[in-house]
Amino acid sequence: MKKLFTSAIGLTVFVVFCIPVFSFNVFAKSYQLNYANFPPASTFPCVQMERWKKEVEKRTNGAVKINTFPGGTLIGAKGMMDGVIAGQADIGNLCMAYQPGRFVITNAVSLPLNIRDSKTGSLVLLDLYNRLKPEAFSKVKVLAMFTTAPSNIMSKKPVKNLNDLKGMNLRASGGAAQILKIWGANQIGMPMSATPEALQKGVVQGLFSSVEVMKDFNFAEDCKYVTLTQTAVYPFAVVMNLSKWNKLPENLQKVMDDLVREQSEWTGNYMDNHVKEAMQYSKEKQGVEFITLAKTEHSKWNAKLAPVVDDWIVKAKAKNIDGDNIVKVLEELINKHKN
Ligand code: 3IO
């Protein structure tokens, strides 16, 4: 009897001691992270999010589980940076053009410096960030940076010259918006995620962005014309809450660190290929007309852009930012990464 009693106590003690050890192990071995995104699941920021999720889960053998929230269900477009800093999500994907005054240095990638594709833009942006480590990202861990492909005008009515553009309500943000204004359009600012409704209600007659949205948002249904300008790219960042990052063990941090450049480049390549697919879809399935500006007309558009970079440098100086150096670094990086 005494023996039985002793072993019962022994078992109880054993079990009680095991509970915290066991649950500690479970906690230490698996991390759930919430990843917020603002546009719908079909669009490129969410496609790259799912690719990153899959790679992280695979490379950590399931020790990290990523819960993705597309469509602004966790954090909306303009609140992304502050939402991640405040911990409303652990990770968030943001478009820097939606808060141009906040990301002055990295938004310089959208100046008319002749970035011709998304892969180049993405590597240039990531290198610019690593080189200058702008204060705007000091409260987060950067997990990826990338840009769209160059912007073109998607519209309900054809735009063949600057006169056609005059006073036309077109949606854009950040650096791309500045360019539209200079060309004489009536630029209307709003995030991409608000554009389908604005197009449908007739608040805008088109938009200025990368043309994969013709397919992914099916803007090809409303916008039957695309004027090829191949200018401004939109810069994006994937950021993580810093205290969440600091709590991850080193081996899991390494998986994500090793993915930063790869993910940025992957997204650039995905975007470049997807733009081609969307153009084909627009032409063949939606009867969209792609307009190339006549040579003399194109020179007029370019002439208007000629002072943009120098004007930006002057404005940057007023904010105590060394715009000369940023443009110099950008030109060097574009030369390095261009295809
Ligand atoms: C973009 C933003 C969300 C989903 C798809 C997209 N394709 C291009 C952009 C760029 C952008 O942020 C914008 O507002 O044009």
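Under a point-charge model restricted to the Cβ atoms of Lys and Arg (+1) and Asp and Glu (-1), what is the dipole moment magnitude of region 176-238 relative to its Cα centre, in debye to the nearest 20?
Around 180 debye, computed over region 176-238.
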Quiz item: Magnitude of the Cβ-charge dipole of region 127-174, K/R +1 and D/E -1, about the Cα centre, nearest 20 debye?
Solution: 160 debye
Quiz item: When the convex hull of the C-alpha atoms of region 262-339 is computed, what volume per residue in Å³ does it have?
Solution: 165 Å³
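When a/c reaches 1.5 or more, the comparison of a/b and b/c decides; with that in mind, is region 186-339 rounded, prolate or oblate per its Cα gyration tensor?
Oblate, because a/c is 1.5 or more while a/b does not exceed b/c.
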Quiz prompt | Sequence ranges 274-283, 292-301, ranked by mean other-Cβ count within 10 angstrom, highest first | solution = 274-283, 292-301
Quiz item: Using alpha carbon centroids, what distance separates region 73-130 and region 197-250, in Å?
Solution: 12 Å
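Using Cα-Cα distances under 8 Å and only pairs 6 or more residues apart, what relative contact order does the chain have, in percent?
Details: 618 pairs, mean separation 74.6, N = 339.
Computed over the chain, the figure is 22 percent.
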Quiz item: Full extension from LYS328 to GLN88: what is 0.36 nm times the residue separation minus their Cα-Cα distance, to one decimal in nm?
Solution: 82.7 nm
Quiz item: With the dipole of region 187-339 worked out from charges on the C-beta (+1 for Lys and Arg, -1 for Asp and Glu) around the Cα centre, which of HIS274, LEU333, GLY189 lies farthest toward the positive end?
Solution: GLY189
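Assigning unit charges at the beta carbon (Lys, Arg +1; Asp, Glu -1) and nothing else, what dipole magnitude in debye, to the nearest 20, does the chain show about its Cα centre? Kindly include the intermediate steps, with their values, before the conclusion.
Values: 42 positive and 30 negative charges, 99 e Å.
The dipole of the chain has a size of about 480 debye.
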Quiz prompt | Which of LEU162, PHE137, GLY175, positive extreme of dipole for region 132-176 (C-beta unit charges) | solution = LEU162
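Quick check: net charge around TRP183, other residues with Cβ under 12 Å of its Cβ, Lys/Arg +1 and Asp/Glu -1?
So the surrounding residues net to +2.
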Quiz item: For region 281-296, in order, what is each residue's ³J(HN,Hα) by Karplus, 6.51 cos²θ - 1.76 cosθ + 1.60 with θ = phi - 60°, in whole Hz (x at glycine and Pro)?
Solution: 4, 4, 5, 7, 9, 10, x, 6, 9, 9, 9, 9, 5, 4, 3, 5
Practice problem: Count charges around LYS53 for me, please; just the other residues with Cβ under 13 Å from its Cβ, Lys/Arg as +1, Asp/Glu as -1. | Solution: +1
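How would region 71-130 be classified by its alpha-carbon gyration tensor: rounded, prolate or oblate, with rounded meaning a/c under 1.5 and the a/b versus b/c comparison settling the rest?
Cα axes put region 71-130 in the prolate bin.
Considering only Cα-Cα distances, which of the following residue pairs are longer than 24 Å: LYS78/LYS319; LYS133/LYS247; LYS181/LYS276?
Details: LYS78/LYS319 22 Å; LYS133/LYS247 22 Å; LYS181/LYS276 27 Å.
Pairs exceeding the cut-off: LYS181/LYS276.
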Self-check item: Percent of alpha-carbon pairs separated by more than 21 Å within region 147-227
Solution: 15 percent
Quiz item: Considering amide H positions built from the backbone, and no H for Pro or chain starts, which residues 5 or more places from ILE291, or on another chain, come under 5 Å of its amide H?
Solution: VAL226, THR227, LEU228
Self-check item: Dimensionless Rg/Rh of the chain - Kirkwood Rh, Rg from C-alpha atoms
Solution: 1.11
Quiz item: Whole-Hz Karplus ³J(HN,Hα) for region 109-118, in order, using 6.51 cos²θ - 1.76 cosθ + 1.60 and θ = phi - 60°, x for Gly and Pro?
Solution: 5, 8, 5, x, 10, 6, 7, 9, 8, 6
Quiz item: So what J values fall out for region 255-266 if you push phi through Karplus, 6.51 cos²θ - 1.76 cosθ + 1.60 with θ = phi - 60°, rounded to Hz, Gly and Pro as x?
Solution: 4, 6, 4, 5, 8, 4, 6, 4, 5, 4, 5, 4
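Report the semi-axes of the equivalent ellipsoid for region 106-199 in whole Å, largest first, where each axis is √(5λ) for an eigenvalue λ of the Cα gyration tensor.
On the way: eigenvalues 167, 44, 28 Å².
With the √(5λ) rule applied to region 106-199, the semi-axes are 29, 15, 12 Å.
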Practice problem: Just name one of CYS95, LEU126, ILE105: the one whose Cα is farthest towards the positive end of the charge dipole of region 90-134 (beta-carbon charges, Lys/Arg +1, Asp/Glu -1). | Solution: ILE105
Quiz prompt | Local electrostatic count, VAL233, Cβ distance below 10 Å [Lys/Arg +1, Asp/Glu -1] | solution = 0
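No value in this document is a laboratory result; all are computed from the given coordinates. Because the structure is predicted, anything quoted here is derived from the model rather than measured. Ideal geometry is used to build each Cβ from the backbone, glycine not excepted, and the neighbour counts take in all protein chains shown.
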